[in-house]
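The values are calculated or read from the model by the stated rules, or taken from the named source; none is laboratory data. The shown structure was predicted, so the numbers you read here are calculated from the model rather than taken from an experiment. So basically every Cβ, Gly included, is an ideal-geometry build from the backbone, and we count neighbours across all protein chains shown. Only protein heavy atoms, including side chains, enter the accessible area calculation; ligands, DNA and RNA are left aside. Shrake-Rupley method; radii C 1.70, N 1.55, O 1.52, S 1.80 Å.
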Amino acid sequence: MGGPVKPKPKPAELGVPRAIVAGAESRSQLSRADFKAALAFHGSPAAICNANIALIDEATFKPNAVKLDFLRNLFGRDY
């Protein structure tokens, strides 16, 4: 067996692929400014929750390569 697995460093900022961002913004039912703020954990808890759920929902409709990399980064963020 090899040594311990080193965790992947957590991204300082979530990079949302263009293939996901437009659809997620629409799904969140937030304004563009509120959506961007929610991704940075600013705004109401409901807006933050809506933005993250919209990202997950939109990512599930994308090709596997886009979806898996993005979801790994999304769930690896510090809250």
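Peptide packing for 22-31, 46-55 was compared via the average number of neighbouring C-beta atoms within 10 Å per residue; ordered from the highest value, the list is 46-55, 22-31.
Largest first, what is the accessible-area ranking of Arg32, Arg18 with a 1.4 Å probe?
Details: Arg32 160, Arg18 215 Å².
Accessible-area ranking of Arg32, Arg18, largest first: Arg18, Arg32.
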